[in-house]
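Below is one structure, written out as structure tokens; the observations come after it.
The values are calculated or read from the model by the stated rules, or taken from the named source; none is laboratory data. Note that the coordinates shown come from a computational prediction; the quantities given were computed from them, not determined experimentally. Glycine gets a Cβ as well: all are built from the backbone with ideal geometry, and neighbour counts include every protein chain shown. What goes into the accessible areas is simple: the full protein's heavy atoms, side chains included, and nothing from ligands, DNA or RNA. Shrake-Rupley method; radii C 1.70, N 1.55, O 1.52, S 1.80 Å.
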Amino acid sequence: MKVAVLGAGAIGAYVGAALHHAGADVHLIARGPHLAAMRQHGVRVISPRGDFTARPHATDDPTDIGPVDFVFLGLKANSYAACGPLIEPLLHESTAVIAAQNGIPWWYFHRHGGPYDGQRIESVDPGGTVSAVLAPERAIGCVVYAATELEGPGVVRHLEGTRFSIGEPDRSLSPRCKDFSDAMQTGGLKCPVEPDLRNDIWLKLLGNISFNPISALARATMRQMCHHGGTRKVIETMMEETLAVAEALGCRVPISIERRLAGAERVGDHRTSTLQDLEAGKPLELDVLLTAVIELADITGVDVPTLHTVHALSDLLAHRTAA
């Protein structure tokens, strides 16, 4: 199995190291000091499960790699439309693209069935620009439950979780999903093939849609948001509105809001990825987390006033950050 990790940051490098450990032919695509460190020393993983070092091939030029069986996409979703020159050299006729993204993916209604089958979500696939680069037929969905961070160039700290749930847009249990799942599990990670990954997407999104923008607006950690009564109530309301949209699309999230909040509180003083991006001056990945859900609410006729309010505030913040 030949795998390219496009965007080998904290999650991508962690997955690449695990697959390399499993015996896969792995190629990491990165840049800057992180790339230089991986070339010289490999990927060093620091984990409660045991530290290890893997030495897969690392490059900034995908033409050095050529076509692969799987592309594990570790880029931010707001980079997808522009990644054509990087991903095209990696593709052959049956290459699968596994997009490890938060939020609503560009392929969401691909082979969905029902009245929305094939509909484009403009906020995540504006004018079809993402689908033109990443054909939905290639997509395997992936919901990441692992938490990692780059401690330094070439050094990944694994904080918790090893689960990477994957699934086909058409809900089939395909051979390509089984092959990738087997390789991930051989490398020591959990990789269940879900019959309907959209349920997992909404489960993960329940936290991302609320904690991520609020953390950026309030400059607050998970614990701080949960302990502040007013903010906690806003987050509860955002979760209630998000569940209503999921249910209108036929999805069920098997967790209560109170349990979801309790889980977030246990994380402690963790800064969300959106807050980290804000502090680093990077673009905020809000379209797939918040804007898309508002678009889906409009499509399904669900009233989401609190999501609209938080979106207005966080959208202004995103524009000010980008200016």
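Let me make sure I get this right: for segment 32-71, a, b and c are the square roots of the gyration tensor eigenvalues over alpha carbons, sorted descending. Under 1.5 in a/c it's rounded, otherwise prolate if a/b > b/c, else oblate. Which is it?
Cα axes put segment 32-71 in the oblate bin.
Under 19 Å between alpha carbons: how many lysine pairs meet that in the chain, if sequence neighbours fewer than 8 apart on the same chain are excluded?
Within the chain, the lysine pair count is 5.
How big is the antiparallel share of DSSP beta bridges in the chain, given as a percent to the nearest 5?
If I count the DSSP bridges inside the chain, around 30 percent turn out antiparallel.
Jot down the per residue volume, in cubic angstrom and as a whole number, of the convex hull over the alpha-carbon atoms of segment 64-135.
Hull volume over Cα atoms, normalised by residue count, gives 94 Å³.
Just to be sure I understand the model, the point goes 7 Å from the Cα along the line to the Cβ. What's the resulting HIS227 to ASP315 distance in nm?
For HIS227 paired with ASP315, the spin-label model returns 3.4 nm.
Tell me, what is the per residue accessible area of segment 171-228 in Å², probe radius 1.4 Å?
Per residue, segment 171-228 has 39 Å² of solvent-accessible surface.
If packing is taken as the mean number of other Cβ atoms within 10 Å per residue, what is the order of 64-73, 160-169, 267-276, 100-109, highest first?
Put in order of decreasing packing, that is 100-109, 64-73, 160-169, 267-276.
Provide the gained length on full extension for the span GLU258 to SER47, in nm with one decimal, where the gain is 0.36 nm per separating residue minus the Cα-Cα distance.
Extending this stretch completely gives an extra 73.0 nm.
Just to be sure I understand the model, the point goes 7 Å from the Cα along the line to the Cβ. What's the resulting THR300 to ALA36 distance in nm?
Each label point lies 7 Å from its Cα, and together they span 4.8 nm.
Which listed residue (GLY12, LEU286, LEU317) has the Cα farthest towards the positive end of the charge dipole for the chain, taking +1 on Lys and Arg C-beta and -1 on Asp and Glu C-beta about the Cα centre?
Toward the positive end, the furthest listed residue is GLY12.
Can you compute the charge dipole magnitude of the chain about its Cα centre, using +1 on each Lys and Arg Cβ and -1 on each Asp and Glu Cβ, nothing else charged? Give it in debye, rounded to the nearest 20.
Roughly 880 debye for the chain.
So what's Rg/Rh here for segment 133-220, counting alpha carbon atoms and using the Kirkwood radius for Rh?
My calculation puts Rg/Rh at 1.03.
At 1.4 Å probe size, with every protein chain present, just tell me what the per residue accessible area of segment 12-106 comes to in Å².
I get 42 Å² per residue for segment 12-106.
With only Lys, Arg, Asp and Glu charged, each at its Cβ (+1 for the first two, -1 for the last two), find how big the charge dipole of segment 208-247 is about the Cα centre; round to the nearest 20 debye.
So the magnitude is around 320 debye.
For the chain, what is the convex hull volume of the alpha-carbon atoms per residue, in Å³?
Considering the Cα atoms of the chain, their hull volume per residue is 125 Å³.
Can you give the extra length, in nm with one decimal, that the chain gains between GLU122 and ARG266 once fully stretched, where that is 0.36 nm per residue apart less the Cα-Cα distance?
Going from the current span to full extension adds 48.3 nm.
Put a dot 7 Å past each Cα toward the Cβ at LYS2 and ALA82; how far apart are the dots in nm?
Taking the simple label geometry, ALA82 and LYS2 are separated by 2.9 nm.
Assigning unit charges at the beta carbon (Lys, Arg +1; Asp, Glu -1) and nothing else, what dipole magnitude in debye, to the nearest 20, does segment 249-319 show about its Cα centre?
Roughly 340 debye, rounded to the nearest 20.
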